[in-house]
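I have placed the structure first, in the form of structure tokens, so that the comments after it can refer back to it.
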Amino acid sequence: YNPQDPNGNGAYLRQQITEIKQSGQADAVIAILHGGQEYGRHRTKPQTIFTKMAISAGADLVICHHAHVVMGMDVINNRSAFYSLGNFCFAGNSKPSDMSSFMFQTRWRIRDDEITNEGFRIIPIRISSRTDRNDFTPTVFGDGAARDAVLTTLKNNGKSLEYVVSEYPLEWKE
């Protein structure tokens, strides 16, 4: 519930994104939603509605969070939408059952007040440098099974999405 949008129809979201884009105060707009099903592996209907509304209003990137697990992503009109990056630095659990997560990097080109998505890459991580407890020190996975498991989870949890992303690159494409 957003008190600025009591009818829940997204008018406030659209208005805010439009105003930011038109004001010239920001080169890019990132819309963030805290919502979804905790520990759910698939996006919820409200996440889907929010994402489509935000992108149609002009958001350049959408990030949803709340699930505490890695979920898939969509690319809609050349704009990335993530439904959950997993945990990154979360003090609510000293030893979560799944410490896998990932960082997302994107490249945008801004020219004449227009932004274009030049690609993205995924950096699989564990939310802790330790395996016996969460020490809140995100650690990049090197080559191997743990890194590959994050990529597999992204692909599997994204299979049912409307705009399926088939490849999650680890390196920048030239």
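The values are calculated or read from the model by the stated rules, or taken from the named source; none is laboratory data. Keep in mind that this is a model prediction, so the values were computed, not measured. We place every Cβ from the backbone using ideal geometry, glycine too, and count neighbours over all the protein chains shown. Surface accessibility is based on the protein's heavy atoms, side chains included, excluding ligands, DNA and RNA. Shrake-Rupley method; radii C 1.70, N 1.55, O 1.52, S 1.80 Å.
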Kindly list the number of the only condition in (1) touching a helix residue (DSSP H, G or I) at 6+ places or on another chain (Cβ under 9 Å); (2) part of a loop (DSSP other than H, G, I, E, B) that fails for Arg133.
(1)
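From the list Gly10, Gly24, Gly58, which residue is at pLDDT 90 or above and on the phi > 0 side of the Ramachandran plot?
Being at pLDDT 90 or above and on the phi > 0 side of the Ramachandran plot holds for just one of Gly10, Gly24, Gly58, which is Gly58.
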So, in the stretch 159-172, exactly how many residues are at pLDDT 90 or above and either open to solvent by less than 50 Å² (accessible area, probe 1.4 Å) or touching a His at 6+ places or on another chain (Cβ under 8 Å) (or both)?
4
Within the set of pairs 6 or more residues apart or between chains, which connect a residue that is more than 19 Å from Ile55 (Cα to Cα) inside the stretch 1-13 to a residue that is of a type outside the set (Val, Ile, Thr) and at pLDDT 70 or above with Cβ atoms less than 6 Å apart?
Gln4/Tyr12
Can you name the number of the only condition in (1) without any contact (Cβ under 8 Å) to a residue 12 or more places away in the chain; (2) in a loop (DSSP other than H, G, I, E, B); (3) touching an Asp or Glu at 6+ places or on another chain (Cβ under 8 Å) that Ser97 fails?
(3)
Going through the stretch 121-130 one residue at a time, which ones are open to solvent by 30 Å² or more (accessible area, probe 1.4 Å) and either closer than 21 Å to Trp172 by Cβ or assigned to a loop (DSSP other than H, G, I, E, B) (or both)?
Arg121, Ser129, Arg130
(1) surrounded by 22 or more Cβ atoms within 10 Å (Cβ to Cβ); (2) acidic (Asp, Glu); (3) free of Cβ contacts under 8 Å to residues at least 40 places away in the same chain all hold for Asp112 apart from (1)
Spans of strands (runs of 3 or more DSSP E) in the stretch 10-78 with at least 1 residues open to solvent by 20 Å² or more (accessible area, probe 1.4 Å) and more than 30 Å from Gly92 (Cα to Cα):
73-76
